[in-house]
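Structure first, then comments.
The values are calculated or read from the model by the stated rules, or taken from the named source; none is laboratory data. Note that this is a predicted model, so its numbers are computed, not measured. All Cβ positions, even for glycine, are placed from backbone atoms using ideal geometry, and neighbour counts span all protein chains on display. These area figures cover heavy atoms from the full protein model, side chains too; ligands, DNA and RNA do not enter into them. Shrake-Rupley method; radii C 1.70, N 1.55, O 1.52, S 1.80 Å.
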Amino acid sequence: MESSFNHKSVLLDECIESLNIRPNLTYVDCTTGGGGHSLEIAKRLGSDAQLICFDRDNTAIMAAKQRLSEYLPKIIFINENFSELGNVLDNLKIDNLGGVLADLGCSSYQFDTPERGFSYNHDAPLDMRMDQSSELDAYKVVNTYSKEDLKRVIYEYGEERFAPVIADRIVKAREISDIKTTAELTDIIKSAIPKAARIDGPHPAKRTFQAIRIEVNGELDAIAPTIEAAERHMVKGGRIAIISFHSLEDRIVKQTYANLASGCECPKDFPVCVCGKKPKIKILTKKPILPSDSELEENPRARSAKLRVAEKI
């Protein structure tokens, strides 16, 4: 399992350094994947400390258990969306949370396993579910969403300027027969994008596939609540480290950090503060940490990664 779950951990050294791990505290990896980040965290924890590993993909959990076998006594695996972070910490009565890490990208395994339907480079059934038990998949989005909803998803989540044309082509194609595979969808997208844009830009299906994947998995919905839950449960000096891979994710991380780092919101003409709001975190990365040139040579998929770090005050 581990060998098939091939995933290079992005910004690994930078994440571990940013977490400033204290061996007697509890840490959370919100997106365990193959366990690369989790392994390095586990190595640094004392025998009484805990590491909580989330992943909504049961295949990832199985691979991580194998990779982390030496450290299993100190690890709790949670096969859930990390949006459940607050509830899990409450249920486990965690009162010594020292850090939370989330790598918001899809794993290489998910992209490279054709039958998962994440990639436009493989012909496969339209799926794209991180959680294989989820009812909503890419097939349902493509074949049942209205033209307006498709246009909204593709434009907002894919930042695709040809969204109206792509949505129109999808709807016309499915009137003839259901769109069942990634190859069929890719061909439809290509037909909607002008030749000049196909030559000069990224793969013509990239933005639309990203948009549908985000919709299927509700990827953006969990980011802000998870950061807020981490802050609420964290001890003073605890760290939150989030890796994002596109502007929509990064914008949410940046804005949520800013909201938690801001203090008094009273009008400027008030002589004294009456709102009582105080900063809850300090932002440690005015600019995001980016992959090094050597990492990009070894793992080109890291090229768009951005790491933002904050500390509980």
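The rule of thumb for compact globular proteins, 2.2 N^0.38 Å, goes into the C-alpha radius of gyration of the chain 1.07 times. Ranking R308, R301, R22, R56 by solvent-accessible area of protein heavy atoms (1.4 Å probe, all protein chains present), from largest to smallest, gives R301, R22, R56, R308.
The loop-placed trypsin sites (Lys or Arg not before Pro) in the range 72-156, going by DSSP, that have at most 15 neighbouring Cβ atoms within 10 Å of their Cβ come out as K93. Split the accessible area of the range 145-241 by element, probe 1.4 Å, and carbon with sulfur accounts for 49%.
Using only the heavy atoms of the protein chains and a 1.4 Å probe, how would R67, R213 rank by accessible area, largest first?
Details: R67 85, R213 25 Å².
Solvent-accessible surface, decreasing: R67, R213.
A crude spin-label estimate for the pair I199 and D149, with each label 7 Å from Cα along the Cβ direction, gives 3.8 nm.
The angle between the Cα long axis of helix 206-217 and the longest principal axis of the Cα atoms of the chain comes to about 60 degrees, rounded to the nearest 10. The distance separating the Cα centre of the range 191-268 from that of the range 160-184 comes to 26 Å. In summary, the lysines within cross-link reach of K287, defined as a Cα separation below 21 angstrom excluding same-chain residues under 8 places away, comprise K254, K306, K312. M62 exposes around 90 Å² of accessible area when a 1.4 Å probe is run over every protein chain in place. Shape class for the range 122-260: prolate, because the ratio a/c of the largest to smallest gyration tensor axis (alpha-carbon atoms, square roots of eigenvalues) is 1.5 or more and a/b beats b/c. Compute the long axis of helix 223-233 from its Cα atoms, compare it with the longest principal axis of the Cα atoms of the chain, and write down the angle in degrees, 0 to 90, nearest 10. The angle comes out near 10 degrees.
For the range 1-153, the ratio of Cα radius of gyration to the globular rule of thumb 2.2 N^0.38 Å stands at 1.15. Seen through its C-alpha gyration tensor, with square-root eigenvalues sorted a ≥ b ≥ c, the range 187-313 comes out prolate because a/c lies at 1.5 or above while a/b is bigger than b/c. Angle between the Cα long axis of helix 163-176 and the longest principal axis of the chain, 0 to 90 degrees, nearest 10? Helix 163-176 sits at roughly 60 degrees to that axis. For the range 78-217, lysine pairs separated by 8 or more sequence positions, or belonging to different chains, with Cα-Cα distances below 16 Å total 11. Looking at the chain, the DSSP beta bridges with both ends there are about 40 percent antiparallel. Just so you know, the Rg over Rh for the range 86-198 is 1.10, from Cα atoms, with Rh as the Kirkwood radius. With all protein chains present, how much of the accessible area of the range 5-78 (probe radius 1.4 Å) comes from carbon and sulfur, to the nearest whole percent? Of the solvent-accessible surface of the range 5-78, carbon and sulfur hold 42 percent.
Protein heavy-atom accessible surface, 1.4 Å probe, per residue over the chain: 48 Å².
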